[in-house]
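The next block holds one structure in the form of structure tokens; read it before the comments.
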Amino acid sequence: MMQKNRYIGFLLVLFSLSFNLNTRGQEIELQLGPPEIGENQAWTITISISNERLQSYDNFPDIDGFQKRGTSSSSSTQIINGQVSSSQSITMTYVPLKQGDVRVRPFSMTVNGKVVSSQGTVVKVGPPIQRQRSRDPFRSLFDHSPGDDPFSRGGETEFVDIDEDAFLALTTSKNEIYVGEGVTTTLSFFVAERNRAPLQFHELGKQLSDILKVVRPENCWEENFNIENINGESITLNNKRYTQYKIYQGTFYPLNAEDIVFPKVGLEMIKYKVAKNPSFFGQNRKEDFKTFYSRPKTVRVKELPPHPLRDRVAVGDYLLDERINTTDLETGQSFSYEFNVYGEGNISAVNKPIVTSDDNFDFYEPNVTQNINRRSGRVTGSKSFSYYGIPKEPGDYQLSDYFNWIFFNPKSGRYDTLQSEQVVKVIGESKKNESIQSNDLGSFYDQIEFVDNSLTSTDSFEWVKIFANILILGMLATSVVIFLKKN
């Protein structure tokens, strides 16, 4: 009996664990940035979701006084005492256009089909923030700043300038692209391994903001990789080892055939002069500044080849993933069909497929969701179009006759078409004339062409009006008399 009770208890524990795992719902949180920022700082709106994959979300709100700079995403998974929890977030970055109070009005967003709301806020944009100089990857063995050594003995110290082995470069993934094709642009600072000149970043946030105002082309759509941490990466250039520090990276998609021109830009660095005769107690370096310049760069943009839809098609390397809830249908029975375009390219520019309509089906406007990933210098993702359809005529149908999506593939240099491979079988009675019958307006319209519709003067009916008025007055008077007699 005791063994049986233990077995039942074990089953109850398993059931309890299973119930706890299955009832952990998704948790969605909307976070606003700080109430006060400097003119050279960014402000953010972040959507975080726990215990569920971030599948869909609305566009972030437009805010007067702020300009959108793009989104970044992150995810994490934790295993604590055997319990697995995960979270994902998407962050929209805004930059202020000027100083002053910026009002963020109340707004709502739909995330994974659930509406989350914010009461809004007021953000005070003040003067540019003077950033604290922190310890930097560029610091050399000389770690003491001028005047920070309590054992400094004063006296004249001679400082010398050491030639640096470093440079600033703006690079692009391609030198020639088509209209709508992406080119990934990276601004990096390179330091040779054998460099001995002590270097340090200087007000990088403010400088980068000014640089991007010049670098960003006006005729392009931008997908910003939102570099938050500048970490060195070892690379080889011309058989020489360097450490690359990526400052900015983004992919630009030209909207017309104008060439993309990146001008020369400068980055000011702190470059220390070092003591000619360094000592343990003395001041061994002196702060100085040097501006490093990149070379100008032009990316040639070509028109797409002739095509009737040349100005409307997306450009990229795409594939089709389609889903349908059932391929066995009855006339009048609704069904769902998902046309999912995925691959590499400007996902935001992907338009809905061309849907051919006839008397055999009714298709309704789709629900649209998109997912964009920016990593390893590439922009990939998917855009899904979910349709509801109703068949009206029995028969076997290939959905390729109804759903087509044309795009230009820059890798092959030609247009291509994504077509459905689904075949549906429809049974039942014909429904295509039902809508006409349901709107039948009766025998009057059946006989309208046989009825005399000529105009007739109403003067001949005046005596009828007079007689009717006299009759009504008589009836009212009779009613009054009968009521008085009864009372």
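The values are calculated or read from the model by the stated rules, or taken from the named source; none is laboratory data. As the structure is a prediction and not an experimental result, all values here were calculated from the model. Cβ: placed from backbone, ideal geometry, glycine included. Neighbour counts: every protein chain shown. Side chains are part of the model used for accessible areas, which takes the heavy atoms of the whole protein and leaves out ligands, DNA and RNA. Shrake-Rupley method; radii C 1.70, N 1.55, O 1.52, S 1.80 Å.
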Within the range 56-68, restricting attention to residues that are of a type outside the set (D, E, K, R) and more than 12 Å from the chain's Cα centre (by Cα), which residue is most open to solvent (accessible area, probe 1.4 Å)? Q67
Give E218, E233 a once-over and let me know the one that is without any contact (Cβ under 8 Å) to a residue 40 or more places away in the chain, loosely packed, with under 14 Cβ neighbours inside 10 Å and under 30 Å from P305 (Cα atoms). E218
Here is a list: N351, N340, N284. Which entry is closer than 28 Å to S173 by Cα, open to solvent by less than 80 Å² (accessible area, probe 1.4 Å) and polar (S, T, N, Q)? N340
Given the options I162, I177, name the one that is among the β-branched types (V, I, T), more than 30 Å from Q130 (Cα to Cα) and in contact with a Lys or Arg (Cβ under 9 Å, 6 or more places away or on another chain). I177
Scan the range 263-297 for residues that are at pLDDT below 90, assigned to a loop (DSSP other than H, G, I, E, B) and among the small types (G, A, S) and jot them down. S279, G282
Do any residues in the range 277-297 that are more than 27 Å from Q207 (Cβ to Cβ) have Cβ atoms under 8 Å from those of residues that are modelled with pLDDT under 90 and acidic (D, E), where the two are at least six apart or on different chains, and which pairs are they? N277/E158; F281/D149; G282/D149; Q283/D149
Just one listed residue, out of S89, S73, is modelled with pLDDT under 90, within 26 Å of E222 (Cβ to Cβ), open to solvent by less than 30 Å² (accessible area, probe 1.4 Å) and of a type in the set (S, T, Y), and it is S89
Give the residue, chosen from N404, N409, N373, that is touching a Pro at 6+ places or on another chain (Cβ under 7 Å) and either touching a residue at least 24 places away in the same chain (Cβ under 8 Å) or among the charged types (D, E, K, R) (or both). N404
Which residue is nearest to R378 (Cα to Cα), if the candidates are limited to the range 287-325 and must be within 25 Å of the chain's Cα centre (by Cα) and small (G, A, S)? G316
Of S438, S457, S412, the only residue that is at pLDDT 90 or above, out of contact with any strand residue (DSSP E or B) (no Cβ under 8 Å at 6 or more places or on another chain) and exposed (fewer than 12 other Cβ atoms within 10 Å of the Cβ) is S412
Only one of these is open to solvent by less than 50 Å² (accessible area, probe 1.4 Å), part of a loop (DSSP other than H, G, I, E, B), at pLDDT below 90 and of a type in the set (D, E): D143, D148, D136. Name it. D136
Unmet requirement for I260, which otherwise passes all of (1) at pLDDT 95 or above; (2) among the hydrophobic types (A, V, I, L, M, F, W, C); (3) more than 24 Å from T44 (Cα to Cα); (4) touching a Leu at 6+ places or on another chain (Cβ under 6 Å): (4)
